[in-house]
Amino acid sequence: MTYKRQMFVWGLAMVLLLMYCSVKAPEVSVTGEKTALENQVIGTYQQIEEDVWTLTSVRSVGNNTAPQPKMSENKKKVLEAVQGRKFNKDDVEEFLKAGIVGENNRGFLEIIHPEKIGKDETLKNRVEKIVQSENEYRKIIMERIIVLNENAAQAGEENVGHIFAKMNKDNAAPGSWIQLDSGEWVQKQKQSEKK
């Protein structure tokens, strides 16, 4: 078989595979009323996650010696950021549950109770490293949303950060520390405890 024919068969197989396989990104649950901009930012975020899932699925299927589609540096950074957040997820949840870190009102993690680390230098270094990498990943994703969504770009980075903060707060487990718009830090209540 000629190279062109092999590529055609390979491409046809990939199209058929994608038609019959559905890849679904995990749902992001956000409660309460949302503005149009919030819906657009969340939709763009979900689209980025879905694109990452599709891309990683396509790249992991089939012959590893086949030429891979070219990917821009921006897409590669976003892919790494989404995967990095999934890798950090257990540590972030552990630190939130312990009350060492909280979700600030700009969409990022923040160390709020360093005294809970104590004198454990290993834990301190781990917390600092995870918070730094998680925040870098979040920033990359927010910047990509601004690039992809014209309304988010017009709203600006600060507003997109506030929407991310709301999404992170809504998805945080009860007992997690969250920063209110006023700057005050409070523990998230259980649904039954809310007024």
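We did not get these values from a lab; they are worked out from the coordinates using the rules stated. Please read these numbers as outputs of a predicted model, since none were measured by experiment. Ideal geometry is used to build each Cβ from the backbone, glycine not excepted, and the neighbour counts take in all protein chains shown.
Extension gain for residue 120-residue 90 works out to 8.8 nm (0.36 nm per residue, less the C-alpha to C-alpha distance). Of 133, 176, the sequence from fewest to most neighbouring Cβ atoms within 10 angstrom is 133, 176. Less than 5 angstrom separates the built amide H of residue 105 from those of 179, all sequence-distant by 5 or more or on a different chain. Would you mind classifying the stretch 115-158 by shape? Square roots of the alpha carbon gyration tensor eigenvalues, ordered a ≥ b ≥ c; an a/c under 1.5 is rounded, otherwise it is prolate if a/b is larger than b/c and oblate if not. Here the stretch 115-158 falls in the prolate category. Summary value for the stretch 107-195: 22 percent relative contact order, contacts being C-alpha pairs under 8 angstrom separated by 6+ residues. Sequence-ordered 3J(HN,Hα) estimates for the stretch 79-87 from the Karplus curve with 6.51, -1.76 and 1.60 and θ = phi - 60° stand at 4, 5, 5, 5, 5, x, 5, 5, 5 Hz, glycine and proline given as x. Remark: spin-label model distance residue 97-residue 147 equals 3.5 nm, labels positioned 7 Å along the Cα→Cβ axis.
Does the stretch 80-194 come out rounded, prolate or oblate by the C-alpha gyration tensor, with a ≥ b ≥ c the root eigenvalues, rounded set by a/c under 1.5 and, if not, prolate when a/b is larger than b/c and oblate if not? Verdict is oblate for the stretch 80-194. Sites listed here are chymotrypsin sites (Phe, Trp or Tyr not before Pro) in the stretch 100-195 whose DSSP assignment is loop and whose Cβ has at most 15 other Cβ atoms within 10 Å, and the list is empty.
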